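A.B. asks: Would you mind keeping the following structure in view while I ask a few things?
FYI, it's all coordinate maths here, none of it is from the lab. Everything quoted here is computed from the prediction, not taken from an experiment. Backbone-built Cβ (ideal geometry, glycine too); neighbour counts: all protein chains shown.
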Amino acid sequence: MSSGSRRASRFLQEKEDEVPQWIPGLGTDKPRPRTLGTSFFGYVPDAFVEKTPFLPSEKKATTPTPKDSETKEAEHKSEGAPNGQYLDPSSSKEFQRDMDASSDEGVVTEEVVVPQRVERRAAEPWDAQSVDSTDGSAQNRLLIKGGRVVNDDMMQDADVYIEDGIIKQVGTNLHTPGGTRVVEAKGHLVMPGGIDTHTHMQLPFMGTFAVDDFYTGTRAALAGGTTMIMDFAIPQKGESLVEAYHRWRSWADPKVCCDYALHVGVTWWCDKVGKEMEELTEEHGINSFKMFMAYKDTWQLDDHDLLESFKQCKEIGALAQVHAENGDIIKENTAKLLDMGITGPEGHELSRPEEVEAEATNRACVLANQVGCPLYVVHVMSKSAADVVSNKRRQGHIVFGEPIAASLGTDGTHYYHKCWRHAAAHVMGPPLRPDCETPKYLMDLLANGDLQTTGTDNCTFSASQKALGKDDFTKIPNGVNGVEDRMSVIWEKGVVSGKIDPCKFVAVTSTNAAKIFNIYPKKGRIAVGSDADIVVWNPHATRTISAKTHYQAVDFNIFEGMEVHGIADYVICHGRVVVEEGNVRAVSGMGKFVPTPSHSPYVYGRVQERDIANAPKKVDRAPYDGPVIQLNNQGLTQAVESSIIPTNQEFYTRGAQMNDKSPKRPSVKVHNPPGGKASGSFW
């Protein structure tokens, strides 16, 4: 063999040695038949038959020009990211990783990411070219390997393969293409991303705006493992519901880092409002409307308007929601307390006692049930209100209850704290309850299914905003934090305490909400075809909650100092890793609006049959053929004298009676009294 041939042989041998002969998770490269799994989580063998292989020239990454980078940085600064701290995306590890992958033409590589806890750091804006890439890079294909998949009804050791933001395979020994990024999830739980059913980002309220807008709020949500929020578009009295919807969309769409949906408030009633509710349901993807029984003179509806709203909700297949407090009683109590000189935050709780919430909850359930409308009670804050929901469900009412992170994680004793700022930071409506057993009680009802979902009512105001009410508790903006810490607080208070298991945790933080609002199984499940919104959860890691380290814009945290188990080591949103090793990489506008279709089967599945079963039944009887009195012009008739009315002011009785003037006769014991022979001692 010539020297040239020997050199060529060695070169080919060296290149052959560089090519991997096996891929972890797939075994050797020896040909083997493909088998079709028949289980629910079996892999789909033809999942990639239509995938086009990428040519080397198509895999070249494009480095953003300085002008592009400066533009992106300016965009993120305009969205209100804190401190102006932005990193050059081209210097990040992920950017270099994609560049290196693009240069290894023809070489199949598998990247393994090992979970490692680090301290939380400032959020990094992510390069849009990398995030939106569709070139088959690591950002487009993802394998979560070695974890335990947890759904609301089962747990299974399985891998999860994601492509184009959709879950493509769930199982073991998955066939995945080259260039797939791998997240090593051994020892972790792989769960559906959380759904926060109740937030108020940048809400205009009591003369100011909530400090967490749709950028900071949704970024904080991702940090805690929540991949979708449900916010509220609330019109003022007399304002168009459709216009309010469009205004909230204009605020949210450019800023959201995760997906979101909207509820719409009904703050006044007329026929036009009913038509707009129908329009929102049919054309804009809204299937829930919130009515207020409090905030008198601003948003509160009376019973008549509540009934009309409930009837319209049923007509269009929407879910009616209520803020359940008696606004009239609150107004009366508030005036009394201010007259007594009680102006501090404790007055807020004293003006809205527990029974005021319970009364309104009961009234809402009765009104909704009378018109056959399913009902959703937001922010259940007390034992009494929770008991109403529980009892009504047992009576056959279609009603759902939503405790929030605040009512599950803390209590109302803080209203009596000596520090005004501390006490005011906890002011929300309905208020937290001073009974320290309330959080445990509400968690018990979540565990047994009497309550179904968990939100946060996240509506944050800074200390200086709260100070608007320093001399009058009625002027303290109502609202607390929670969107970032909800998942960890519920894990700590529910799973770590032994009250619920991981499956129930998934149900109350994600799946039940997806079912109720008709976005299941697109959301709320780890399954083939579902959205790749996933949390890789470390159940053993701990952290201490603090306003000094949280991502929210507010300067106070109602869970300050609480140590919690359970941390989202990795969060995947739209198939992209957006939280990793303590870093949040969020892009304004990356999230999308999620329409919520009407007539949710989970809500309306039994309404029709229930209406049929409970329909009033007419009684067939012979018609009445007796006399009928005649009314005069005033609608009255003359009194008719009875033939047995006594005259001459004599006392009259019918039948044989004793003469009161005659002395009583002694009783006589006989052997055979009237009616039969005596058999007892009385005779």
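A.B. asks: Which trypsin sites (Lys or Arg not before Pro) in the stretch 264-323 sit in a loop by DSSP (not H, G, I, E or B) and have at most 14 other Cβ atoms within 10 Å of their own Cβ?
C.D. replies: Passing both the DSSP loop test and the Cβ count: no residue.
A.B. asks: Work out from phi, with θ = phi - 60° and the Karplus expression 6.51 cos²θ - 1.76 cosθ + 1.60, the ³J(HN,Hα) of each residue of the stretch 458-468, listed in order in whole Hz, and give x for Gly and Pro.
C.D. replies: 4, 8, 9, 10, 6, 4, 5, 6, 4, 5, 4
A.B. asks: Still on this structure: May I ask for the net charge around His422, where only other residues with Cβ less than 11 Å from the Cβ of His422 are counted and Lys, Arg are +1 while Asp, Glu are -1? If you can, show how the numbers build up before the last one.
C.D. replies: Numbers: positive: Lys418, Arg421, Lys466; negative: Glu560.
With Lys, Arg at +1 and Asp, Glu at -1, the net is +2.
A.B. asks: So, one more: Tally Lys/Arg at +1 and Asp/Glu at -1 over every other residue whose Cβ is under 14 Å from the Cβ of Gly498; what's the total? If you can, show how the numbers build up before the last one.
C.D. replies: Numbers: positive: Lys440, Lys493, Lys499, Lys504; negative: Asp444, Glu492, Asp501.
With Lys, Arg at +1 and Asp, Glu at -1, the net is +1.
A.B. asks: Next question, about the same structure. Count charges around Gly482 for me, please; just the other residues with Cβ under 12 Å from its Cβ, Lys/Arg as +1, Asp/Glu as -1.
C.D. replies: Numbers: positive: Arg486; negative: Asp196, Asp212, Asp457, Glu484, Asp485.
Computed value for this residue: -4.
A.B. asks: Okay, moving on. What do you get for trypsin sites (Lys or Arg not before Pro) in the stretch 179-226 restricted to DSSP loop and a cutoff of at most 14 other Cβ within 10 Å of the site's Cβ? Don't skip to the answer; put the middle values down first.
C.D. replies: Working: sites: Arg181, Lys186, Arg219; in loops: Lys186.
For trypsin sites (Lys or Arg not before Pro) across the stretch 179-226 that sit outside H, G, I, E and B with at most 14 neighbouring Cβ atoms in 10 Å, the list reads Lys186.
A.B. asks: How high is the FRET efficiency from Glu283 to Lys548, r the C-beta distance, R0 30 Å, rounded to 0.05? Don't skip to the end; give the middle numbers.
C.D. replies: Working: r = 45 Å, r/R0 = 1.51.
The pair Glu283/Lys548 has a calculated efficiency of 0.10.
A.B. asks: Let me ask something else about it. Could you pull out every residue, at least 5 positions away or on a different chain, whose amide H is within less than 5 Å of the one on Met562? Hs are placed 1.01 Å off N in the peptide plane, and Pro or chain starts have none.
C.D. replies: Amide H neighbours of Met562, under 5 Å, 5+ apart: Ile545.
A.B. asks: I would also like to ask the following. Give the shape of the stretch 318-384 as rounded, prolate or oblate, defined through the alpha-carbon gyration tensor: a ≥ b ≥ c are the square roots of its eigenvalues, a/c under 1.5 means rounded, and otherwise the shape is prolate if a/b is larger than b/c and oblate if not. It would help to have the intermediate numbers written out before the result.
C.D. replies: Numbers: a/c = 3.24, a/b = 2.57, b/c = 1.26.
Prolate.
A.B. asks: Between Lys275 and Lys617, what is the spin-label point distance in nm, taking each point 7 Å from the Cα along the Cα→C-beta axis?
C.D. replies: Modelled inter-label distance: 4.2 nm.
A.B. asks: Using alpha carbons only, how many angstrom separate the centre of the stretch 188-250 from the centre of the stretch 147-179?
C.D. replies: 30 Å
A.B. asks: Around Val380, which amide H atoms from residues at least 5 apart in sequence, or from another chain, sit under 5 Å from its own amide H, with H modelled in the peptide plane?
C.D. replies: Amide H to amide H, under 5 Å and 5 or more residues apart or across chains, Val380 pairs with Glu402, Ile404.
A.B. asks: Given that compact globular proteins tend to follow 2.2 N^0.38 Å, what is the ratio of the alpha-carbon Rg of the stretch 156-216 to that value?
C.D. replies: On the way: Rg = 19.0 Å, N = 61, 2.2 N^0.38 = 10.5 Å.
Cα-based Rg divided by the globular estimate yields 1.81.
A.B. asks: To the nearest 20 debye, what is the magnitude of the charge dipole of the stretch 179-290 about its Cα centre, counting +1 on the Cβ of each Lys and Arg and -1 on the Cβ of each Asp and Glu?
C.D. replies: On the way: 10 positive and 15 negative charges, 77 e Å.
Approximately 380 debye in magnitude.
A.B. asks: Once amide H atoms are placed 1.01 Å from N in the peptide plane, what residues at a sequence separation of 5 or more from Met201, or on another chain, have their amide H within under 5 Å of its amide H?
C.D. replies: Distant-sequence amide H within range of Met201: Phe232.
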